[in-house]
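Notes follow once the structure below has been shown.
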Amino acid sequence: MTVSRVMILGGLGQAGQLMAQGLTHAGSEVVLVDVLPRAEAIAAARYLQADVTRPDDDLLQVIASADCVAMCLPERAALAAAPAILETMSKGALWVDTLSVKQNVCAILQDYKDKLELVSINPMFAPALGFAGNSVAFVEISGGPKSDEFARTLHSLGATVEILTPETHDRLTAAIQVATHAAILTFGAALLELDYDVEKASALATPPHRQLLLLLQRLSNANSEVYWDIQHHHPDAASVRESLNRALKELDAAASEDSPREFQKLFERLRHLFMQANGKN
């Protein structure tokens, strides 16, 4: 096995646990690193309590001995810690990160292309769902045998691996993540202003409303920092939210008209969006 010993930074978090379970299943020795005390429910061969943003000698020594280092911290901490970690990693080792925005971290990784194998992934699902049947965005900055083995491991766990450039990833996730999450959270914020009663409304709810409630419940029960990371750090996030604001204003203007003409035009444009997609299949 090319990747026999893996360090998972942020190992007690949801993304860290997803990686730990997958790589342990693949036969790698996994070492979890986290700033928090080890949780009794977390089982791993080794655990090291350390602050990745202020690495001490013990942590740096363990990193230098690893075949693979998986960075599973939130964006701000990951970007702050990355240079010291990358400098310490042994030549030919594999770096993997799970950040939701790619252009920022990949700009840092470019300086280490000649030293390391570098992969940046984005699991496009809640970590609790597991890899099986779900998509993983896979950005390869510098490939090699360890990177290839890691991609095969993802496939063996049942994931669909989509190869992307950092720019394409961030362009697609502007709609897939930024716009989607913002729309759902805005729907929830509107319910709060409307003094919404979930129990009373559920008896009368239409299928679309039930679907939105399920999505809102799923997001609100998740780690809010993950969604803040996407809304705050994505390079297109502000412009996406501005697009949502403009769209709502246009909808408001169309609803204020005495004729449904503008609404009909909107529906025609939306139908055309899906007709284009069907035409490509």
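Some notes on this structure:
- Shape of region 155-281, Cα gyration tensor, a/c cut at 1.5: oblate
- The string of couplings for region 179-190 from the Karplus curve (6.51, -1.76, 1.60, θ = phi - 60°) is 5, 4, 5, 4, 5, 5, 5, 5, 4, x, 4, 5 Hz, one whole number per residue in order, with x for Gly and Pro.
- A Cβ-based charge dipole, computed about the Cα centre of region 98-208 with Lys and Arg at +1 and Asp and Glu at -1, lands at about 220 debye.
- Using a probe of 1.4 Å on the protein chains alone, the accessible area found for His25 is around 140 Å².
- Karplus-derived HN-Hα couplings along region 93-107 (A = 6.51, B = -1.76, C = 1.60, θ = phi - 60°), whole Hz, x at Gly and Pro: 6, 9, 9, 10, 10, 10, 5, 7, 10, 9, 5, 5, 5, 5, 5
- Whether region 233-280 is rounded, prolate or oblate, judged on the alpha carbon gyration tensor where a/c under 1.5 counts as rounded: oblate
- Probe 1.4 Å - accessible area at Arg246, Å² to nearest ten: 120 Å²
- A cut-off of 5 Å between modelled amide H atoms, ignoring neighbours fewer than 5 places along the same chain, links Thr160 with Gly133, Asn134, Ser135, Val136.
- Between the amide H of Glu29 and those of Arg5, Val6, distances stay under 5 Å, these residues lying 5 or more places away or on another chain, with hydrogens modeled in the peptide plane.
- Listed by chain and number, the aspartates and glutamates whose alpha-carbon sits under 20 Å from that of Lys115, ignoring those within fewer than 8 places in the same chain, are Asp67, Glu87, Asp97, Glu140, Asp148, Glu149.
- Karplus (6.51, -1.76, 1.60) ³J(HN,Hα), θ = phi - 60°, over region 124-137, in Hz, Gly and Pro reported as x: 8, 6, 5, x, 4, 6, x, 6, 4, x, 10, 9, 10, 6
- For the chain, the mean residue ellipticity at 222 nm estimated from helices alone is -16000 deg cm²/dmol, where every DSSP H run of n ≥ 4 contributes -39500 (n - 2.57) and the total is divided by all residues, rounded to the nearest 500.
- Over region 62-216, Cα pairs under 8 Å with separation of 6+ residues give a relative contact order of 16 percent.
- For Kirkwood radius over Cα pairs in Å, calculated from these coordinates, the label among (1) 20.9; (2) 21.6; (3) 18.7: (1)
The values are calculated or read from the model by the stated rules, or taken from the named source; none is laboratory data. As the structure is a prediction and not an experimental result, all values here were calculated from the model. FYI the Cβ positions are ideal-geometry reconstructions off the backbone, even for glycines, and counts take in every protein chain you see. Protein only, heavy atoms only, side chains kept; ligands, DNA and RNA dropped before computing areas. Shrake-Rupley method; radii C 1.70, N 1.55, O 1.52, S 1.80 Å.
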